[in-house]
1. What FRET efficiency would be calculated for the residue pair residue 170, residue 148, taking the C-beta separation as r and a Förster radius of 25 Å, to the nearest 0.05?
2. Between residue 217 and residue 90, what is the label-to-label distance in nm when each label sits 7 Å out along the Cα-to-Cβ direction?
3. Taking the alpha-carbon centroid of each part, what is the distance from region 102-150 to region 41-78 in angstrom?
4. Using the Cα centre of region 17-145 as the reference point, and only Cβ charges (+1 on K/R, -1 on D/E), how large is the resulting charge dipole? Debye, rounded to the nearest 20.
5. Straight-line reach from residue 5: which lysines have a Cα under 28 Å away, not including same-chain ones fewer than 8 places off?
6. Got a sec? What order do 4, 215, 127 fall in by accessible area at 1.4 Å, biggest, i.e. largest, first?
7. Ordered by residue, what ³J(HN,Hα) values in Hz, to whole numbers, does region 171-176 give under the Karplus form 6.51 cos²θ - 1.76 cosθ + 1.60, where θ = phi - 60° and Gly and Pro are x?
8. Rounded to the nearest 10 degrees, what's the angle between the helix 52-61 long axis and the longest principal axis of the chain, both from Cα atoms, 0 to 90?
Amino acid sequence: MSDKKIFDFPGKEIDVQWDGRLCIHIAECGQSVGELFVGGRNPWCVPDSATRVEVAEVCERCPSGALTYSDRSAELVEQAPEENTIRVIYNGPLFAHGDLVIEGAPQDMPGVRFRAALCRCGQSRNKPFCDNSHLKDGFDDYGAVGEQGSGVASAGGKLGIKPLPDGPLLVTGALTLIAGSGRSAWRGDNVALCRCGSSRNKPFCDGSHSRVGFKGE
(Lines give C-alpha, C1' and ligand atoms only; values in the text may rest on other atoms or scores of the structure.)
Protein backbone atom coordinates (compact mmCIF):
# COMPACT_ATOMS: atom_id res chain seq x y z
CA MET A 1 0.00 0.00 0.00
CA SER A 2 1.29 3.44 -0.91
CA ASP A 3 2.20 5.78 1.96
CA LYS A 4 1.82 8.82 -0.26
CA LYS A 5 0.01 11.62 1.54
CA ILE A 6 0.13 14.57 -0.87
CA PHE A 7 -1.69 14.33 -4.21
CA ASP A 8 -1.53 16.72 -7.16
CA PHE A 9 -4.39 17.35 -9.58
CA PRO A 10 -3.07 19.43 -12.49
CA GLY A 11 -5.28 21.52 -14.74
CA LYS A 12 -4.66 23.65 -17.80
CA GLU A 13 -5.01 26.91 -15.89
CA ILE A 14 -5.05 25.97 -12.21
CA ASP A 15 -3.72 23.06 -10.15
CA VAL A 16 -5.13 21.55 -6.95
CA GLN A 17 -3.22 19.79 -4.19
CA TRP A 18 -4.72 17.59 -1.48
CA ASP A 19 -2.81 16.81 1.73
CA GLY A 20 -4.13 13.64 3.34
CA ARG A 21 -2.27 14.42 6.58
CA LEU A 22 -4.62 17.32 7.24
CA CYS A 23 -7.92 16.12 5.79
CA ILE A 24 -10.67 15.35 8.32
CA HIS A 25 -13.38 14.80 5.68
CA ILE A 26 -15.60 17.79 6.38
CA ALA A 27 -16.70 17.36 2.73
CA GLU A 28 -17.00 21.01 1.74
CA CYS A 29 -15.32 19.88 -1.48
CA GLY A 30 -17.40 16.77 -2.15
CA GLN A 31 -20.67 18.57 -1.47
CA SER A 32 -19.85 21.46 -3.79
CA VAL A 33 -22.02 21.86 -6.88
CA GLY A 34 -20.53 20.66 -10.16
CA GLU A 35 -17.95 18.14 -11.31
CA LEU A 36 -14.83 19.54 -9.65
CA PHE A 37 -14.80 16.89 -6.91
CA VAL A 38 -16.60 13.60 -7.46
CA GLY A 39 -16.23 10.74 -5.00
CA GLY A 40 -15.26 7.39 -6.55
CA ARG A 41 -14.03 9.00 -9.76
CA ASN A 42 -10.42 8.67 -10.87
CA PRO A 43 -9.14 11.31 -10.71
CA TRP A 44 -11.25 12.55 -7.82
CA CYS A 45 -10.53 16.19 -8.65
CA VAL A 46 -10.67 17.60 -12.21
CA PRO A 47 -9.69 21.30 -12.09
CA ASP A 48 -10.64 21.84 -15.75
CA SER A 49 -14.29 21.06 -14.93
CA ALA A 50 -14.71 24.46 -13.23
CA THR A 51 -13.50 28.01 -13.66
CA ARG A 52 -10.34 29.15 -11.93
CA VAL A 53 -12.38 31.30 -9.56
CA GLU A 54 -14.66 28.39 -8.69
CA VAL A 55 -11.68 26.10 -8.02
CA ALA A 56 -10.08 28.65 -5.73
CA GLU A 57 -13.34 29.32 -3.88
CA VAL A 58 -14.06 25.64 -3.21
CA CYS A 59 -10.49 24.93 -2.06
CA GLU A 60 -10.65 27.86 0.35
CA ARG A 61 -13.78 26.38 1.93
CA CYS A 62 -11.67 23.53 3.35
CA PRO A 63 -11.28 24.36 7.07
CA SER A 64 -8.32 22.04 7.67
CA GLY A 65 -6.03 23.43 4.97
CA ALA A 66 -5.90 20.05 3.23
CA LEU A 67 -6.87 21.62 -0.11
CA THR A 68 -4.75 24.27 -1.78
CA TYR A 69 -4.47 25.58 -5.33
CA SER A 70 -1.91 27.15 -7.63
CA ASP A 71 -3.17 29.45 -10.36
CA ARG A 72 -0.81 29.24 -13.33
CA SER A 73 -1.40 32.92 -14.16
CA ALA A 74 -0.66 33.86 -10.52
CA GLU A 75 -3.72 36.14 -10.57
CA LEU A 76 -5.53 34.11 -7.91
CA VAL A 77 -3.63 33.77 -4.63
CA GLU A 78 -5.21 32.95 -1.29
CA GLN A 79 -5.23 35.91 1.09
CA ALA A 80 -5.75 36.11 4.83
CA PRO A 81 -9.26 37.19 5.87
CA GLU A 82 -9.75 40.65 7.35
CA GLU A 83 -10.55 39.09 10.74
CA ASN A 84 -8.64 36.30 12.46
CA THR A 85 -11.07 33.77 13.89
CA ILE A 86 -10.99 30.49 15.75
CA ARG A 87 -14.29 28.62 15.70
CA VAL A 88 -14.96 26.22 18.58
CA ILE A 89 -16.62 23.24 16.91
CA TYR A 90 -19.40 21.32 18.66
CA ASN A 91 -17.73 18.15 20.04
CA GLY A 92 -14.85 18.78 17.66
CA PRO A 93 -11.68 20.73 16.93
CA LEU A 94 -10.78 24.39 16.69
CA PHE A 95 -11.08 25.80 13.17
CA ALA A 96 -8.53 28.60 12.78
CA HIS A 97 -8.85 31.02 9.86
CA GLY A 98 -6.55 33.98 9.52
CA ASP A 99 -3.00 35.12 8.93
CA LEU A 100 -1.69 32.07 10.77
CA VAL A 101 1.83 31.44 12.00
CA ILE A 102 1.72 27.96 13.56
CA GLU A 103 4.96 27.20 15.34
CA GLY A 104 6.45 23.89 14.25
CA ALA A 105 4.15 23.40 11.25
CA PRO A 106 6.01 21.54 8.48
CA GLN A 107 7.07 23.67 5.53
CA ASP A 108 5.33 21.24 3.16
CA MET A 109 1.90 22.06 4.63
CA PRO A 110 1.08 25.31 2.78
CA GLY A 111 -2.63 25.03 3.55
CA VAL A 112 -2.17 25.80 7.25
CA ARG A 113 -0.87 29.24 6.35
CA PHE A 114 -4.47 30.47 6.43
CA ARG A 115 -6.67 27.54 7.55
CA ALA A 116 -6.17 24.84 10.16
CA ALA A 117 -8.15 22.32 12.21
CA LEU A 118 -6.48 22.13 15.60
CA CYS A 119 -6.98 19.28 18.07
CA ARG A 120 -8.69 20.09 21.36
CA CYS A 121 -9.61 16.56 22.53
CA GLY A 122 -6.00 15.67 23.38
CA GLN A 123 -6.01 12.39 21.44
CA SER A 124 -4.84 13.31 17.93
CA ARG A 125 -1.84 11.42 16.60
CA ASN A 126 -1.05 14.42 14.41
CA LYS A 127 -0.85 17.16 17.06
CA PRO A 128 -1.37 20.06 16.97
CA PHE A 129 -3.69 19.22 14.07
CA CYS A 130 -6.97 17.32 14.34
CA ASP A 131 -7.14 13.76 12.96
CA ASN A 132 -10.76 13.05 13.99
CA SER A 133 -9.72 11.23 17.15
CA HIS A 134 -12.46 13.16 18.97
CA LEU A 135 -14.98 10.91 17.20
CA LYS A 136 -13.45 7.70 18.57
CA ASP A 137 -12.72 9.20 21.98
CA GLY A 138 -16.26 10.50 22.49
CA PHE A 139 -15.04 14.03 23.18
CA ASP A 140 -17.91 16.02 24.65
CA ASP A 141 -18.00 19.80 24.51
CA TYR A 142 -20.63 21.82 22.72
CA GLY A 143 -18.45 24.86 22.09
CA ALA A 144 -19.93 27.41 24.48
CA VAL A 145 -17.69 30.39 25.27
CA GLY A 146 -18.52 32.16 28.52
CA GLU A 147 -15.95 34.96 28.55
CA GLN A 148 -15.81 38.15 26.47
CA GLY A 149 -12.11 39.00 26.44
CA SER A 150 -10.44 42.39 26.60
CA GLY A 151 -11.22 43.37 23.00
CA VAL A 152 -8.91 44.24 20.11
CA ALA A 153 -7.95 47.44 18.33
CA SER A 154 -7.94 45.75 14.92
CA ALA A 155 -9.22 42.43 13.61
CA GLY A 156 -6.38 41.19 11.40
CA GLY A 157 -2.60 40.87 11.31
CA LYS A 158 -0.41 37.92 12.18
CA LEU A 159 -1.93 35.32 14.50
CA GLY A 160 0.72 33.30 16.28
CA ILE A 161 -0.24 29.81 17.45
CA LYS A 162 2.32 28.11 19.68
CA PRO A 163 1.70 24.61 21.06
CA LEU A 164 3.34 24.78 24.48
CA PRO A 165 5.20 21.60 25.51
CA ASP A 166 2.62 19.25 27.07
CA GLY A 167 0.38 22.29 27.49
CA PRO A 168 -2.15 24.52 25.75
CA LEU A 169 -2.13 26.46 22.50
CA LEU A 170 -0.78 29.93 23.19
CA VAL A 171 -2.44 32.30 20.71
CA THR A 172 -1.11 35.83 20.24
CA GLY A 173 -2.48 38.51 17.95
CA ALA A 174 -5.92 39.95 17.25
CA LEU A 175 -8.45 37.14 17.56
CA THR A 176 -12.19 36.56 17.62
CA LEU A 177 -13.34 33.28 19.17
CA ILE A 178 -16.59 32.01 17.66
CA ALA A 179 -18.71 29.77 19.88
CA GLY A 180 -20.23 26.52 18.66
CA SER A 181 -23.54 28.36 18.36
CA GLY A 182 -22.00 30.69 15.76
CA ARG A 183 -21.80 33.67 18.12
CA SER A 184 -18.74 35.93 18.03
CA ALA A 185 -18.02 35.49 21.71
CA TRP A 186 -14.50 36.52 22.78
CA ARG A 187 -12.11 39.11 21.43
CA GLY A 188 -8.56 39.66 22.59
CA ASP A 189 -4.92 39.39 21.62
CA ASN A 190 -3.53 36.80 24.01
CA VAL A 191 -5.16 33.55 25.12
CA ALA A 192 -4.27 29.98 26.13
CA LEU A 193 -6.63 27.45 24.59
CA CYS A 194 -7.04 23.93 25.96
CA ARG A 195 -5.72 21.09 23.83
CA CYS A 196 -5.69 18.30 26.44
CA GLY A 197 -9.49 17.93 26.40
CA SER A 198 -9.80 18.13 30.19
CA SER A 199 -10.20 21.81 31.03
CA ARG A 200 -13.29 22.65 33.07
CA ASN A 201 -13.37 26.05 31.35
CA LYS A 202 -13.20 25.02 27.68
CA PRO A 203 -12.11 26.33 25.28
CA PHE A 204 -9.70 28.04 27.68
CA CYS A 205 -6.86 26.31 29.49
CA ASP A 206 -7.25 25.93 33.26
CA GLY A 207 -4.06 23.95 33.94
CA SER A 208 -5.74 20.54 33.72
CA HIS A 209 -3.03 19.32 31.31
CA SER A 210 -0.71 18.97 34.32
CA ARG A 211 -3.30 17.06 36.33
CA VAL A 212 -4.01 14.52 33.57
CA GLY A 213 -0.42 14.14 32.37
CA PHE A 214 -1.13 15.40 28.86
CA LYS A 215 1.59 14.76 26.27
CA GLY A 216 1.73 17.22 23.43
CA GLU A 217 3.59 14.99 20.99
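The values are calculated or read from the model by the stated rules, or taken from the named source; none is laboratory data. What you are looking at is a predicted structure, and each value in this text was computed from that prediction instead of being measured. When we count neighbours, we look across all protein chains shown, and the Cβ atoms used for this are built from the backbone with ideal geometry, even at glycine. Heads up: the accessible areas ignore ligands, DNA and RNA and are worked out on the full protein's heavy atoms, side chains in. Shrake-Rupley method; radii C 1.70, N 1.55, O 1.52, S 1.80 Å.
1. Values: r = 20 Å, r/R0 = 0.79.
The calculated FRET efficiency here is 0.80.
2. Result: 3.8 nm between the two label points.
3. A separation of 23 Å, based on Cα centres.
4. Numbers: 12 positive and 19 negative charges, 91 e Å.
Dipole magnitude for region 17-145 comes out near 440 debye.
5. Within the straight-line cut-off, residue 5 pairs with 127, 136, 162, 215.
6. On the way: 4 110, 215 130, 127 45 Å².
Heavy-atom accessible area, descending, gives 215, 4, 127.
7. Karplus-based 3J(HN,Hα) across region 171-176 equals 10, 10, x, 4, 8, 10 Hz.
8. 20
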